[in-house]
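Have a look at the structure below, then the notes.
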Amino acid sequence: MNKKTNKQDFGKGIRALLANPTQLEQAVQENPVEVMREFATNFAMIPLDQIEAYSGQPRQEFNETALEELAASIRVHGIIQPLTVRRLHDKAYQLISGERRFRASKLAGLTEVPAYVRLADDQQMLEMALIENIQREDLNPIEIAISYARLIEECKLTHENLSDRVGKQRSTITNYLRLMRLPDDIKKAIKDKKVSMGHARALVGLNENPALQHTLFHKIMLEELSVRAVEDLISRYNEERSTAKPKSNNRLPDNLRGIQDQFRAFFGAKVDLKRSEKGKGQIVIKFESDAELNRLIDLVEHRGEA
């Protein structure tokens, strides 16, 4: 592209380039840096009916009430933050980011929306969509974890590459990825914001003991335990496990040890389960003070009211 053509074409702006596919393709081939700079710093008004949603969109669930509220705001103020789309071909674009604004714009009755236009292949498209998604402030930890996992698996990124791409420490990324190992019911509670990231990090450390993990999970839900309280219970449980010296001939079978672990997690105290070969036995709950006893009584009474 000669200098005269370059100055003349880019002087018309991004809309002129988009309106002339042949000229745009030539510009991309001859001066890609200038084209990308133009696209990165300016937006165009794109007809809504020329934009298609991206099937690989990381976020699939949208609150209908929130969408209606956003649509009402758009009717009054318009779209403040432009969408980001990928140009497929003349008069056809695919959404990269701004799904909520895209949907709300339709509800608001708009015919066109402001959008930054990107030129990207499918791999770049997925990577941009996922990274854009991660930057959102309203994502729950599971949505972030899923996006990290997809970037690693589908975009073939290492943890170090991913850390550079999203501007997060590798340890932060690792903590999110570990959430993917949690059972579905716990992940759902995290998505529904019934369990915090702090609780989730504590629970994921119990993956090798699913019985204890679920006992603590239900305890968190029932008693609204703080993260510190959960960490203390786990710490106390681990101390009891390390100091216990069961006699080899009195060692409980694995299934009974699991039950004993559930009792210990529930009460946050040392619990001994004993059972004879005939099926008779006893459960002993140990406490160190009257205050500790009252705490145990409150637990039982609270459970009875649930």
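The values are calculated or read from the model by the stated rules, or taken from the named source; none is laboratory data. None of the values given here were measured: they were computed from a predicted structure. Every residue, glycine as well, gets a Cβ built from its backbone with ideal geometry; the counts of neighbours run over all protein chains shown.
Computed quantities for the displayed model
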item: Condition broken by ILE74, with the remaining ones in (1) part of a helix (DSSP H, G or I); (2) at pLDDT below 90 satisfied; result: (2)
item: Candidates GLU288, GLU239, GLU301, GLU292, filtered to the one that is of a type in the set (D, E, K, R), assigned to a helix (DSSP H, G or I), exposed (fewer than 11 other Cβ atoms within 10 Å of the Cβ) and at pLDDT below 80; result: GLU301
item: Complete set of residues in region 142-166 that are exposed (fewer than 14 other Cβ atoms within 10 Å of the Cβ) and either at pLDDT below 85 or under 18 Å from LYS191 (Cα atoms) (or both); result: GLU153, GLU154, LYS156
item: Residue match in region 81-89 (condition: at pLDDT 70 or above, assigned to a helix (DSSP H, G or I) and surrounded by 13 or more Cβ atoms within 10 Å (Cβ to Cβ)); result: no
item: Region 128-152 residues that are among the aromatic types (Phe, Trp, Tyr), paired with ones that are surrounded by 19 or more Cβ atoms within 10 Å (Cβ to Cβ) (beta carbon under 6 Å, 6 or more apart); result: TYR148/ILE173; TYR148/TYR176
item: Filter result for the condition that a residue is crowded, with 19+ Cβ neighbours inside 10 Å and out of contact with any Pro (no Cβ under 6 Å at 6 or more places or on another chain), over LEU139, LEU203; result: LEU203
item: Residues of region 205-217 that turn out to be assigned to a loop (DSSP other than H, G, I, E, B), among the polar types (S, T, N, Q) and either under 16 Å from LYS188 (Cβ atoms) or at pLDDT 85 or above (or both), as a count; result: 0
item: Qualifying residue in region 219-241 (condition: over 30 Å from GLY279 (Cα atoms) and in contact (Cβ under 8 Å) with a residue 60 or more places away in the chain); result: yes
item: Considering residues of region 78-113 that are in contact (Cβ under 8 Å) with a residue 24 or more places away in the chain and among the small types (Gly, Ala, Ser) only, the residue nearest to GLN50 (Cα to Cα); result: ALA92
item: Cβ pairs under 7 Å, 6+ apart, first in region 249-274 and over 19 Å from SER235 (Cβ atoms), second part of a helix (DSSP H, G or I); result: LEU252/GLN260; GLY258/ALA211; LEU273/LEU256; LEU273/ILE259; LEU273/GLN260; LEU273/PHE263
item: Qualifying residue in region 182-204 (condition: free of Cβ contacts under 8 Å to residues at least 60 places away in the same chain, within 21 Å of LEU126 (Cβ to Cβ) and part of a helix (DSSP H, G or I)); result: no
